[in-house]
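So the structure is just underneath, and the comments pick up after that.
A short reminder: the numbers here are calculations on the coordinates, not readings from a lab. This is a predicted model, so every value here is computed, not measured. Every residue, glycine among them, receives a Cβ derived from its backbone with ideal geometry; neighbour counts consider all protein chains shown.
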Amino acid sequence: MLFFENDYSHGAHPDVLRRLGETNLVPQPGYGADEYSLNARRLIREACRAPEADVFFLAGGTQTNAVAIGGLLRPWEGVYAAGTGHIQCHEAGAVEFTGHKVLPLAPRDGKFDPGLLRRSLEAFYADPNHEHMVFPGMVYVSHPTEYGTVYTLRELREISDICKSFAIPLYLDGARLACALACGADVTLPDIAELCDVFYIGGTKCGALCGEALVFPKGAPERFLTLIKQRGALLAKGRLCGAQFEALFEDGLYYAIGKTAVELAMELKAGLLARGIRLFIDSPTNQQFPILENSLLERLSDRVAFSFWERYDEESSVIRLAASWATTRSDVEELLKILDNLGSNA
């Protein structure tokens, strides 16, 4: 069975696992005060060129989003997200469970349309009844998006400027940030630190066993560590995340992981297009979205693990094929051979 279902089917990158083994028997303080977490924070600050940044390590993406968004919003506020955004579609209402409404806006290629965002904010404050409504208190973007697309520096800067003009924070979900940084887009980690009020660097989908690094480039709100604790998200063994992020950022491993996943996804993309298989969206990252006939999917699922994404029409569906640090060129070649065989047997 080939595994293209997601980018976290495997455990951890061997270098990350090795670091956990090397540090396993060294006693350390808890709750992120260990030497590995302290060094990982330093490395992340350097990578972001944000020497004043506060960095917190949490276990998973949904947990990180719920804690960050729920902790920053005031009781009467909600968060803008693209209608296809992760917090809107695939987090089981985790943000709403904190008491804050997700305010969806129609996406453009999976991304926020800056013009639509500005018009929505202007319309909200122009409504004489807005005091009786949920206030827009934050903007959430993901980079890459649920459809593998990425923001340009111009787009991200425009969204950031809009947020500043309305005095609301910009939050970036970087679950697959390694792939966004490796795909040739012009947005760098220091750009994100400059333009966003808070963001997270994903580990779970980028070579770690688990863990995300939540970054406040200009410093976190008061008592944020206590808030993380209150929400049940503070790891007593914070070293588990700290050691992993230390390994990821010490010698450029994080960027190498993204490069591997993107390069193999581009080979897969080229192979799909060469076989006349349509793609639902032009993704430059590790997630690819071919449109395949429904009659083929059942036979494909016997040999390849993939994700159903959405129905395309009565005869066809969009699926997701995701490459990761553990994907090999032989995996890609074998998948394309399977598609060739299934096509010839149609």
Got a sec? Charge dipole of the chain, +1 on Cβ for Lys and Arg, -1 for Asp and Glu; which of Tyr125, Ala33, Leu339 is way out at the positive end? Ala33
Listed by chain and number, the aspartates and glutamates with an alpha carbon less than 12 angstrom from that of Lys101, same-chain partners under 8 positions apart left out, are Glu77
Here the averaged projected area of segment 252-345, based on the convex hull of its alpha-carbon atoms and given in nm², is 5.9 nm²
Per the chain, sqrt(5λ) over the Cα gyration tensor eigenvalues, sorted largest first, in Å, gives 33, 28, 17
Please report the net charge: other residues with Cβ closer than 12 Å to the Cβ of Val304, K and R +1, D and E -1. -1
Using Cβ contacts closer than 10 Å as the measure, can you line up Trp325, Trp309 from fewest to most? Trp309, Trp325
Computed Rg/Rh for segment 1-98 (Cα atoms; Rh = Kirkwood radius) stands at 1.04
Here the membrane-span-like helices of the chain, with no claim about any membrane, defined by DSSP H, Cα axial extent at least 27 Å and mean Kyte-Doolittle at least 0.0, are 253-274
Between Cys48, Thr62, Leu181, whose Cα lies farthest towards the positive end of the dipole of segment 14-251 when Lys and Arg beta carbons carry +1 and Asp and Glu beta carbons carry -1, centred on the Cα centre? Thr62
Roughly how big is segment 14-251's charge dipole about its Cα centre, with Cβ charges of +1 (Lys, Arg) and -1 (Asp, Glu), in debye to the nearest 20? 340 debye
What number, rounded to the nearest 500 deg cm²/dmol, is the helix-based mean residue ellipticity at 222 nm of the chain, given -39500 (n - 2.57) per DSSP H run of at least four residues and division by all its residues? -13000 deg cm²/dmol
Rounded to whole Hz, the Karplus (6.51, -1.76, 1.60) HN-Hα couplings of segment 180-196, x for glycine and proline: 5, 6, 9, 8, x, 5, 8, 9, 9, 4, x, 4, 4, 5, 6, 9, 9
Under unit Cβ charges (Lys, Arg +1; Asp, Glu -1), what dipole magnitude, rounded to 20 debye, does segment 106-216 have relative to its Cα centre? 200 debye
Beta bridge orientation in the chain: antiparallel %, DSSP, nearest 5: 55 percent
Thr188 label point, 7 Å along Cα→Cβ, cut-off 20 Å on backbone N: hits in segment 25-48? 42-48
Once you've got the GNM for the chain with C-alpha springs shorter than 10 Å, pick whichever of Gln63, Gln28, Gln230 has the biggest mean-square fluctuation. Gln230
Cα-Cα longer than 21 Å, checked against Lys164/Lys229; Lys205/Lys337; Lys111/Lys164; Lys164/Lys218, kept in input order, equals Lys164/Lys229; Lys205/Lys337
